[in-house]
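Colleague: Encoded as structure tokens, here's the structure I'll be asking about.
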Amino acid sequence: MSPTPVVSVRDLRVYYGTPRGTVRAVDHVSLDIGEGEVLGLVGESGCGKSTLGRGILGLLPEGAVSDGEVLYGGRNLVGMGAKELRRLRGPDLGLIFQEPMTRLNPVMRIEDHFRETLQQHEPGLSARELRTRSLETLGRMGIPPTRFRQYPHEFSGGMRQRIMIALALVLRPKLLVADEPTTSLDVIVEAQILGILSDLRQTFGTALLLITHNLGIVAEACDRVAVMYAGQIAEEGDARDVFADPAHPYTRELLRSTISLETEELHSIPGSPPNLIDPPRACRFHPRCPSAMVVCAERNPIEQRIAHGRRVLCWLHGPEELIPDGGTEPLEREEIAVADEA
Ligand code: SF4
């Protein structure tokens, strides 16, 4: 049984206005993240993963417009005032960024970062409580108390990232969004950080949205996975089920392009993700899809539920009654090229 959702995203849309047109970075996305659950969000760069993570937290840059619902504690975060959102960020909703050095103030000791964070959200804490809580959280990240008074530059990249995670966790958030948290780290440090992140569910019951382009990370650390393509969720389900038997051709292609010990020949998905100002009509993946059928270039796929509650946005899974005559014929390569140029 799925855990109680901490956050429910319903029909979320995030658009940016640009001189060349409107970028539909997140287009009608729905998903739940349960208490103590780790949901991996994967897909190529430019598919809207980071925008979705920030849209959930209400941390969008100026000029972005969001619509739909992000339900947290019975309230919709979309359209909530900046002041109220700021109050929730930290004690309820946390974000771990990719580049820790750009987030840590180089002239402040680690101790001061913790003091500032805790005092902002829990002003009633005594100096002793503040120190105890900070050291306890840092200790869980493997940072000893002797380093509490040091400056960010005195730590390695991996340690700085652990400090950032500790800073996010010291407030015990209910939901944490980690955006590519291990991208710039070596594999050993990456494994340590992932271990820490996936232990969060036991320690704090935190729900975690882990954004990454690395499927190996998801296989190791996540309960469920959502595969994002061109601003939409292509497939979502139990991580083991999805990896064992991907239902969406894009998931299959992503898995084939992942290097593992069994890799004999490197595969890359032909083409690149579409421009989100003017994405391909009907199924957005059809210009690149090896299984594309005639219907895929004509009609929007309709989300289907398949075994074990998995969701898939692909005509291969029906509904058959909505596929017109001849719709299941393979889409010819020439037609793919024409659709690509259109
Ligand atoms: Fe491929 Fe068609 Fe499914 Fe899109 S709807 S992923 S083009 S088979």
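Only the coordinates and a few stated rules stand behind these numbers; no lab work does. Please read all numbers here as calculations on a predicted model, not as lab measurements. Here Cβ is always computed from backbone atoms with ideal geometry, including for glycine, and neighbour counts include all displayed protein chains.
Colleague: Quick check: Cα centre of the range 177-202 to Cα centre of the range 271-320, how many Å?
Modeller: Rounded to whole Å, the Cα centres lie 32 Å apart.
Colleague: Same structure, new question: For the range 153-224, treating each Cα as an identical point scatterer without solvent, what Debye log10 I(q)/I(0) comes out at q = 0.17 1/Å?
Modeller: Per q value, in the given order, log10 I(q)/I(0) is -0.60.
Colleague: Please report how far the C-alpha centroid of the range 74-92 lies from that of the range 239-253, rounded to the nearest whole angstrom.
Modeller: 34 Å
Colleague: Where both residues lie in the chain, what percent of DSSP beta bridges are antiparallel, nearest 5?
Modeller: Percent antiparallel among DSSP bridges in the chain is about 65.
Colleague: Over the Cα atoms of the range 204-272, what Rg and Dmax result, in angstrom?
Modeller: 12.6, 42
Colleague: Largest first, please: the extent of the C-alpha atoms of the range 80-163 along each principal axis, to the nearest Å.
Modeller: On the principal axes, the range 80-163 reaches 38, 31, 24 Å in Cα extent.
Colleague: Something else: Most exposed first by the Cβ proxy, i.e. fewest other Cβ within 10 Å, how do Ser30, Ser156 rank?
Modeller: Fewest-to-most Cβ neighbours within 10 Å comes out as Ser156, Ser30.
Colleague: Given a Förster distance of 41 Å, report the FRET efficiency between Leu266 and His28 from their Cβ-Cβ distance, rounded to the nearest 0.05.
Modeller: The formula returns an efficiency of 0.75 here.
Colleague: Here is a further query. Treating only the Cβ atoms of Lys and Arg (+1) and Asp and Glu (-1) as charged, compute the dipole magnitude of the chain about its Cα centre; round to the nearest 20 debye.
Modeller: With Lys and Arg at +1 and Asp and Glu at -1, about 1860 debye.
Colleague: Now for a separate question. For the residue pair Ser257 and Thr132, what label-to-label distance in nm results when each label sits 7 Å from Cα along the Cα-to-beta-carbon direction?
Modeller: About 5.1 nm separates the two model spin labels.
Colleague: What is the P(r) of the chain, as percent of Cα-Cα pairs per 10 Å bin from 0?
Modeller: 5, 24, 31, 23, 11, 4, 1, 0
Colleague: Still on this structure, I have one more. Amide H to amide H under 5 Å from Gly36: which residues, 5+ apart in sequence or cross-chain, H placed 1.01 Å off N in plane?
Modeller: Thr206, Ala207
Colleague: With Rg and the Kirkwood Rh both taken from Cα atoms, where does Rg over Rh land for the range 66-223?
Modeller: 0.96
Colleague: Separation between the Glu332 and Ala244 pseudo-spin-labels, each 7 Å from Cα along Cα→Cβ, expressed in nm?
Modeller: 4.1 nm
Colleague: Helix-only mean residue ellipticity at 222 nm, the chain, DSSP H runs n ≥ 4 weighted -39,500 (n - 2.57), per residue, nearest 500. What is it?
Modeller: Taking each H run of at least 4 residues, the total per residue is -9000 deg cm²/dmol.
Colleague: What cysteines in the chain have no other cysteine with a beta carbon less than 4.7 Å from their beta carbon?
Modeller: Cys47, Cys222, Cys289, Cys314 - these cysteines have no disulfide-compatible partner (Cβ-Cβ under 4.7 Å) in the chain.
Colleague: Arranged by the count of other C-beta atoms within 10 angstrom, fewest first, what order do His213, His308, His113 take?
Modeller: His308, His213, His113
Colleague: A follow-up question, please. So what's the range 228-328 giving for Rg/Rh, alpha carbon basis, Kirkwood Rh from the mean inverse pair distance?
Modeller: That ratio is 0.97, to two decimals.
Colleague: Here is a follow-up. In whole Hz, with x marking every Gly and Pro, tabulate ³J(HN,Hα) for the range 204-209 from phi via Karplus 6.51 cos²θ - 1.76 cosθ + 1.60, θ = phi - 60°.
Modeller: Per-residue couplings from phi come out as 10, x, 5, 8, 10, 9 Hz.
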